[in-house]
Amino acid sequence: MSLNEYSDVVVRRVGLNRTDDLLSLEAACFQSDRISRRNLRRLLCAPSAYCAAAYRNGALVGSMVTLFRRTSRTARVYSLAVLESERGHGIGRRLMDRAEQEARRRNCVRMRLEVRMENVSAIELYKRLGFVDTAVIPGYYEDGAHAFVMRRELV
């Protein structure tokens, strides 16, 4: 663990009882393209999804939603959110590590995600984790921003 990582961060799976907390985190982290209450509740109950949260000193500081496709053996990181005040301390990496663990447990052979092209810090994190750009999706986000599709083989 590097010096800039919090050792007091706990990552654990979350369920429906954390819906309001997760929606508040989404609102604090994203100006648009937030997960709706209905969609979040569906994801929290879906066997093909895994939702985890990061807590520091008992406070919610990050979350991650990963979706799994058995047919393609692919894990898709659907959402990764970390409070701005907590960024740069390894929380996103810990959440991504948890997503990878769950992907491997489910016999996935690859992970993929979409990320705003201007989100340099997230792109740097994903590249450090071994993800590579595979495509661009023009106008992917509500505000018309483009996205990189990034992918990482797990085998």
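The values are calculated or read from the model by the stated rules, or taken from the named source; none is laboratory data. Owing to the predicted nature of the structure, the values given are computational and were not obtained by experimental measurement. Ideal geometry is used to build each Cβ from the backbone, glycine not excepted, and the neighbour counts take in all protein chains shown.
Any idea which residue in region 144-155 is modelled with the highest pLDDT, counting only those that are assigned to a loop (DSSP other than H, G, I, E, B) and within 17 Å of GLN31 (Cβ to Cβ)?
HIS146
Count, please, the residues in region 87-110 that happen to be in contact (Cβ under 8 Å) with a residue 60 or more places away in the chain and either farther than 23 Å from GLU124 by Cβ or surrounded by 15 or more Cβ atoms within 10 Å (Cβ to Cβ) (or both).
So the answer is 7.
Under 6 Å between Cβ atoms, which residue pairs at least 6 apart in sequence (or on different chains) link something in region 117-146 that is closer than 24 Å to GLY88 by Cα and of a type in the set (Ser, Thr, Tyr) with a partner that is surrounded by 12 or more Cβ atoms within 10 Å (Cβ to Cβ) and modelled with pLDDT of 95 or more?
Close Cβ pairs (under 6 Å, with a partner that is surrounded by 12 or more Cβ atoms within 10 Å (Cβ to Cβ) and modelled with pLDDT of 95 or more) amount to TYR126/MET150.
Please tell me if SER121 is within 27 Å of TYR6 (Cβ to Cβ), surrounded by fewer than 16 Cβ atoms within 10 Å (Cβ to Cβ), touching a Gly at 6+ places or on another chain (Cβ under 9 Å) and not aliphatic (A, V, I, L, M).
Criteria met by SER121.
Within region 57-81, restricting attention to residues that are modelled with pLDDT under 95 and basic (Lys, Arg), which residue is surrounded by the most Cβ atoms within 10 Å (Cβ to Cβ)?
Checked region 57-81; the qualifying residue surrounded by the most Cβ atoms within 10 Å (Cβ to Cβ) is ARG69.
Could you list, in sequence order, the residues of region 106-155 that are more than 30 Å from PRO47 (Cβ to Cβ), within 17 Å of the chain's Cα centre (by Cα) and among the small types (Gly, Ala, Ser)?
SER121 - this is the single residue of region 106-155 that is more than 30 Å from PRO47 (Cβ to Cβ), within 17 Å of the chain's Cα centre (by Cα) and among the small types (Gly, Ala, Ser).
Please count how many residues of region 1-43 are assigned to a loop (DSSP other than H, G, I, E, B) and of a type outside the set (D, E, K, R).
At the first step, the residues of region 1-43 found to be assigned to a loop (DSSP other than H, G, I, E, B) are 1-8, 14-15, 30-36.
In the following step, the residues that additionally are of a type outside the set (D, E, K, R) were identified as 1-4, 6-7, 14-15, 30-32, 35-36.
The number of residues fulfilling the criteria is 13.
Test each condition in (1) more than 26 Å from GLY15 (Cα to Cα); (2) crowded, with 19+ Cβ neighbours inside 10 Å; (3) in contact (Cβ under 8 Å) with a residue 24 or more places away in the chain for VAL155 and report the one that comes out false.
Among (1) more than 26 Å from GLY15 (Cα to Cα); (2) crowded, with 19+ Cβ neighbours inside 10 Å; (3) in contact (Cβ under 8 Å) with a residue 24 or more places away in the chain, VAL155 violates only (2).
Residue-wise test of (1) surrounded by 15 or more Cβ atoms within 10 Å (Cβ to Cβ); (2) touching a strand residue (DSSP E or B) at 6+ places or on another chain (Cβ under 9 Å).
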residue	(1), (2)
VAL14	yes, yes
ASN17	no, no
SER36	no, no
ARG42	no, yes
ALA54	yes, yes
